[in-house]
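First comes the structure, then the notes that go with it.
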């Protein structure tokens, strides 16, 4: 199996996006990653050291002279090498001309947002075509919807290869709000062999916006459970209950709402600590909010970015993971299944979160955590108080968290299942 993964950024801060790449490498498959940019240079250095066999190719940036150079190279340099190569180059150029005509809408160019987006991407698609030609990949796997759109020409160029696209949250929520039309994905849904959804919520949403249900396959985010030793906390009577959140400091993670909930709780129960791990644009606002409340200041610790190993060690020292995600305003961005929640579950922590996108797939209400409505401080206060008043439930819910992680979110098992799905669908194309 020769697999090509296509990203906007690789590697990026979103660790879950890279999980499939590393899993396939560790299983011995040939893997090539194509990306527009490197999202994290330090992480890129670590990835190249750990996986020296991983081929990472970054696409050329769109510049006018590059278009001319690539076009002339095929028609003036190739003939000097051989007539056969010139014919092959000519066929590729001819293919792209017809492809452009197709994506631009044929006769009478339209001016709707969907066509305008395709028109803007046309020169970039040409350069990507030049870098991807003469490749022999069996599978093209795009992360995420917009990336799949930009690389649809691969399905026509390599009809025997399986073309797959992952959808994650923003691509079927905020991105659709920006374009104002579900038609943006019509061609992608039609031409893709498989559309991967990361939660039952995204699966249902994709059907609602026009994807054939038979094409959608549920493939949960997974984590390597071997890196997360199960150590569910046992809280002793009168012991301080320690809550923690690990996330970027952005509005949809609801840090200020959590702090407001703890302010209410202080008047009833002061036997808690709260740790915030992460960086982001709201750090200054969060710091100011904490400083204005002396009782809160004594009980809240704000830590910046730390390594994953340090995060794991810190999770083991806490009792409850809190992560009340919300739909962002104004574009309605959703985040599907947060990896941070999965990691806390793998350690064996109970979860407080929201009925948001794919989170109910991770957190079973009153089984391994408590789910509350988005932006509802009253329910959030009740959920926090529940673990303060019934600390014995922390151990019970925490054990259930680990059990659910083992059953549904082990990346090794999920990857074996994915390989089977890819091979079965490849056989269908061959027939």
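Couple of notes before you dig in:
- Residue match in region 153-170 (condition: within 29 Å of residue 326 (Cα to Cα), at pLDDT below 85, under 14 Å from the mean Cα position of the chain (by Cα) and assigned by TED's automatic domain parsing to the domain that holds residue 35): yes
- Checking every residue in region 212-226 against the condition of being exposed (fewer than 13 other Cβ atoms within 10 Å of the Cβ), farther than 20 Å from residue 363 by Cα and out of contact with any helix residue (DSSP H, G or I) (no Cβ under 7 Å at 6 or more places or on another chain) gives at least one match.
- Condition check for residue 175: within 30 Å of residue 364 (Cβ to Cβ), crowded, with 18+ Cβ neighbours inside 10 Å, modelled with pLDDT under 90 and within 25 Å of the chain's Cα centre (by Cα): yes
- Options 410, 382: the member that is touching a helix residue (DSSP H, G or I) at 6+ places or on another chain (Cβ under 6 Å) and surrounded by fewer than 19 Cβ atoms within 10 Å (Cβ to Cβ): 410
To keep it simple, each residue is scored yes or no on (1) under 20 Å from the mean Cα position of the chain (by Cα); (2) in a helix (DSSP H, G or I); (3) touching a residue at least 12 places away in the same chain (Cβ under 8 Å); (4) under 23 Å from residue 203 (Cα atoms).
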position: 298; (1), (2), (3), (4): no, yes, no, no
position: 318; (1), (2), (3), (4): no, no, yes, no
position: 327; (1), (2), (3), (4): yes, no, yes, yes
position: 337; (1), (2), (3), (4): yes, no, yes, yes
position: 344; (1), (2), (3), (4): yes, yes, yes, no
position: 356; (1), (2), (3), (4): yes, no, yes, yes
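- Positions within region 370-388 being without any contact (Cβ under 8 Å) to a residue 40 or more places away in the chain and under 22 Å from residue 233 (Cβ atoms), in sequence order: 370, 371, 382, 383, 386
So that you can scan it fast, the table gives a plain yes or no per residue for (1) touching a helix residue (DSSP H, G or I) at 6+ places or on another chain (Cβ under 8 Å); (2) on the phi > 0 side of the Ramachandran plot; (3) in the same structural domain as residue 402 (by TED's automatic domain parsing); (4) surrounded by fewer than 20 Cβ atoms within 10 Å (Cβ to Cβ):
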site	(1), (2), (3), (4)
288	no, no, yes, yes
302	yes, no, yes, yes
305	no, no, yes, yes
314	no, no, yes, yes
335	yes, no, yes, no
358	yes, no, yes, no
361	yes, no, yes, no
370	yes, no, yes, no
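- So residue 340, is it within 15 Å of residue 252 (Cα to Cα) and in the same structural domain as residue 400 (by TED's automatic domain parsing): yes
- Residue in region 363-381 that is assigned to a helix (DSSP H, G or I) and over 23 Å from residue 263 (Cα atoms) present: no
- Test: residue 397 is touching a residue at least 12 places away in the same chain (Cβ under 8 Å), touching a helix residue (DSSP H, G or I) at 6+ places or on another chain (Cβ under 7 Å) and surrounded by 16 or more Cβ atoms within 10 Å (Cβ to Cβ): no
- Condition check for residue 242: more than 17 Å from residue 352 (Cα to Cα) and in contact (Cβ under 8 Å) with a residue 24 or more places away in the chain: no
- Residues satisfying the criterion are absent from region 408-430 (criterion: out of contact with any strand residue (DSSP E or B) (no Cβ under 8 Å at 6 or more places or on another chain), within 30 Å of residue 238 (Cα to Cα) and assigned to a helix (DSSP H, G or I)).
The values are calculated or read from the model by the stated rules, or taken from the named source; none is laboratory data. These numbers were taken from a predicted model, which means no experiment stands behind them. Cβ sites come from the backbone with ideal geometry, for glycine too, and all protein chains shown count toward neighbours.
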